[in-house]
1. Please work out how much length the chain gains when fully extended from B:A428 to B:R338, using 0.36 nm per residue of separation minus the C-alpha to C-alpha distance, in nm with one decimal.
2. Mean Kyte-Doolittle of at least -0.5 and a Cα length of 24 Å or more along the axis: which whole DSSP H helices of chain B meet both?
3. Using label points projected 7 Å from each Cα along Cα→Cβ, tell me how many nm separate B:A249 and B:N2, to one decimal.
4. Just add up the charged neighbours of B:A549: K/R +1, D/E -1, any other residue whose Cβ is under 13 Å from the Cβ of B:A549.
5. Between the range B:1-65 and the range A:157-208, how far is it from one alpha carbon centroid to the other, in angstrom?
6. Using only the alpha carbons of the protein assembly as shown, determine the length spanned along each of the three principal axes and report them from longest to shortest in whole angstroms.
7. The range B:520-574: which trypsin sites (Lys or Arg not before Pro) are DSSP loop and have at most 10 other beta-carbon atoms within 10 angstrom?
8. What whole number of Å gives the distance from the Cα centroid of the range A:14-88 to the Cα centroid of the range B:572-615?
Amino acid sequence: MKMLVVYQKLGLHRFLGHLDLQRAMQRALRRSGLPVCYSQGFNPHLLLSFAAPLSVGIQGEREVMELPLGEPVAEQDFLRRLNAALPEGLKALQARLLGDDAAPAMARLEAAVYTIVPREAAPELLAAVPGFLAQTAIPCLRKTKSGERMDDLRPLVYNLLVKQGALHAVLAISERGTARPDQLLASLAAFAGVAPPRCAITRAALLDGRMAPLEDP
Amino acid sequence: MNRDMGQRLEMLLEEVQRPARYTGGEVNAIKKEWRPGRTAFCFAFPDTYEVAMSHLGMKIIYEAVNAREDMLCERVMMPWADMADGLKAAGIPLYSLESRRALSEFDAVGFTLQYEMSYTNILAMLDLGGIALRGGQRGERAPFVIAGGPCAANPEPLAEVVDAFLMGDGETATVQMLEVIGAGRREGLRRERILLRLAGIPGVYVPSLYESVWHEDGTLAAFTPKVEEAPARVVKRVETDLDAACFPAAMPLPYTEAVHDRIVLEIMRGCTRGCRFCQAGMLYRPVRERSPGKLLEQAQALFEATGYEEISLSSLSTGDYSQLLPLIRGLNERFEGRRVSLSLPSLRVDGPLQEVLADSGRVKKSGLTLAPEAGTQRLRDVINKGVTEEDLLRAVREAFEAGWNSVKLYFMIGLPTETDEDVLGVAALARKVVDCYYALPREKRARGLKVVVSASTFVPKPFTPFQWAAQDRLEEIRRKQGLLRNALNIRGVTFNWHDPETSFLEACFARGGRELSPVLLRAYELGCRLDGWSEHFNFQAWLQAFSDAGVDPAFIAHRAREKDERFPWDFVDIGVTRGYLWLENERALRGQTTPDCREGCGHCGLRRFEGMCPE
């Protein structure tokens with residue numbers, strides 16, 4: 001059996017890199033005394049997988065990780081014991097016991113919901129959204145190992161709304177393609193003819209192919 | 001930090017590299033309330049967060065001070081260049097990780113002096129923290145800037161910067177210094193009065209209470225206290241019972257990976273070997289061990305508080321710890337099935353290596369690290385590194401037989417009396433190590449031989465038998481490095497060396513006097529900081545600083561001293577006497593070794609103090 005855990009990464013904890021977060025979670029699990037599992041081999045490591053790494057500086061409201069368990073633990077017990085070992089900013093919100101045959105969260109992941117709040121009012125940027133979405137293609141410069149290449153962002157932007165001065169975006173995040181919020185911002189700003197504003201970015205949810213929360217398989 | 005400043009800080013954190021270094025809020029961090037009557041101390045580590053969080057001493061002092069109801073201890077480290085510049089540009093003072101208060105708000109700020117090349121970072125941190133760089137310029141409300149650690153044994157280069165130094169172990173004495181500062185402030189005493197009281201604490205040195213007079217030739221003529229409260233000799237502090245000494249039951253757990261990110265158990269302090277180049281070996285005498293029972297208790301508490309995956313044992317000479325095997329067995333037993341590995345650093349090759357290796361089946365295999373320090377037996381005798389080539393090769397052979405494939409060998413270049421033959425001896429020894437590997441049948445040896453030879457540049461240090469010695473000039477070091485580089489062109493061997501300029505400056509700050517304070521201040525003005533990081537090290541600026549301050553660095557680094565020359569650090573009594581060090585110097589030049597003092601007292605001077613050195 002395995003446990004799917006929904007947790008938050010808020011406040012100052014948004015500054016943790018993905019490796020930092022991994023280490024922090026693994027050590028918290030070790031302190032908790034929960035029946036975790038380890039890999040085989042010479043340098044065994046605690047088995048824990050994250051649905052989607054989150055960039056440094058971005059908050060996460062409902063992030064998802066999964067881990068196999070060596071023996072059964074009730075969901076509420078699991079939550080209580082893990083939270084006793086976690087700092088407030090990384091609090092676990094929900095635990096769901098899944099069968100071993102459940103597809104990994106990482107494989108089910110299809111999209112993520114982002115809230116992008118400009119730190120200073122950006123009316124031109126927000127006003128440009130309808131025209132931006134009406135484009136048939138959105139060129140986007142992407143840095144790769146071998147250099148830079150032009151990608152089309154349009155099919156990866158599932159939805160983009162303006163609500164109360166903030167952008168709400170549903171962006172693809174899967175093996176077939178991923179759009180990052182900073183890429184969206186850069187492209188939108190270029191379209192609007194303004195400099196990309198500084199924003200507070202939060203990932204509000206991770207979605208599966210049904211556009212339903214990943215934690216509800 | 002007010003709201004507005006806090007917002008500017010958040011913006012800055014979004015721009016700098018690895019912001020998790022500057023946020024605090026780690027698991028096990030202690031955030032106490034600031035209130036009247038509680039003395040606020042900030043432990044300042046003059047290097048980056050990753051280095052600082054690897055340092056056991058900081059964690060010990062953090063625990064010792066925070067254990068006091070009437071004190072609090074917070075932490076601050078040297079920000080990386082992007083953050084330092086960002087703080088300055090945003091008008092945010094350097095702040096403590098716990099309560100985000102400016103350094104200037106604390107009652108005392110305490111630096112640990114681990115390395116001479118961190119001195120400009122001290123200035124940068126004071127400057128960013130809103131504290132005047134010179135002690136004499138600090139006002140009544142400014143924090144007391146105190147310092148300790150191994151480099152405090154020659155405090156003089158920082159005489160104009162630091163208000164009070166502590167010599168020796170800090171567990172008890174740091175708290176005593178804070179008691180005096182806290183009480184003095186509550187009584188409303190003036191700064192000068194508090195400094196006089198600090199000078200009365202055993203082991204404390206207040207540089208502004210002393211004056212130096214120099215001879216025409218630049219050597220020291222006299223060093224005398226200006227007031228009667230200042231002792232003519234400052235005797236170092238010693239924690240005689242490590243089981244009773246403070247040791248943290250929890251350590252702030254860094255989010256971003258520290259250089260040494262694991263549980264560290266200090267099994268022993270001090271070393272009886274008497275290697276003649278080694279300052280720590282003299283400074284930390286006498287040898288004191290922690291009992292396995294105490295260590296197991298500490299390991300358990302630290303595991304529960306951190307969840308760390310690894311335990312390492314810390315001491316100057318782990319192989320000499322008398323209870324090593326019981327300790328390793330105890331740790332293995334206790335952590336069986338909990339996935340905690342044990343790493344054993346820098347084992348001396350003549351320790352009970354075989355047994356330990358055999359016993360470490362459940363111990364993480366990290367490769368064998370040996371420090372022969374010199375390439376020939378003659379030179380090893382000069383430096384009293386009581387290790388023979390046979391010992392070394394036996395250890396290597398056993399390691400290869402046990403399935404290890406990597407060996408690291410540490411050497412020094414520029415040791416007193418060194419000839420080209422000694423330098424080439426390093427390569428000859430490396431070749432023999434390689435031969436040991438190929439002597440094993442192919443199916444019995446692990447694949448992928450890796451021998452790493454590292455050669456550092458010798459730095460003569462105070463309180464060693466080589467404190468009289470000259471350091472090789474830069475061009476001579478480069479010539480010897482070239483010689484070795486050519487000779488080490490051996491398959492399977494990697495050679496590491498460093499540009500000698502850093503070692504040259506280390507030599508200046510290791511043995512310089514208070515005339516170096518203006519050099520240091522000038523170097524900081526010229527932009528020097530993070531000097532221990534090659535990408536920031538600016539040798540030309542340093543030469544400029546020496547020149548502007550009218551100090552000749554070659555006179556400090558490259559000059560051999562006369563027997564009776566007065567040294568800037570002579571007033572510090574570390575236990576080992578100057579007479580003993582001179583005898584050792586003479587024995588070195590004759591190539592005579594001195595046995596480990598557990599085999600018979602060598603009369604180093606510690607026995608002048610009752611109870612300090614066990615019979």
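1. 28.0 nm
2. Answer set is B:420-439.
3. 4.1
4. That works out to -3.
5. 34
6. In descending order, the Cα extents are 87, 73, 50 Å.
7. Passing both the DSSP loop test and the Cβ count: B:K563.
8. Cα centroid of the range B:572-615 versus Cα centroid of the range A:14-88: 53 Å apart.
Quick note: the coordinates plus some simple rules give every number you see, no bench work behind them. What you are looking at is a predicted structure, and each value in this text was computed from that prediction instead of being measured. Cβ: placed from backbone, ideal geometry, glycine included. Neighbour counts: every protein chain shown.
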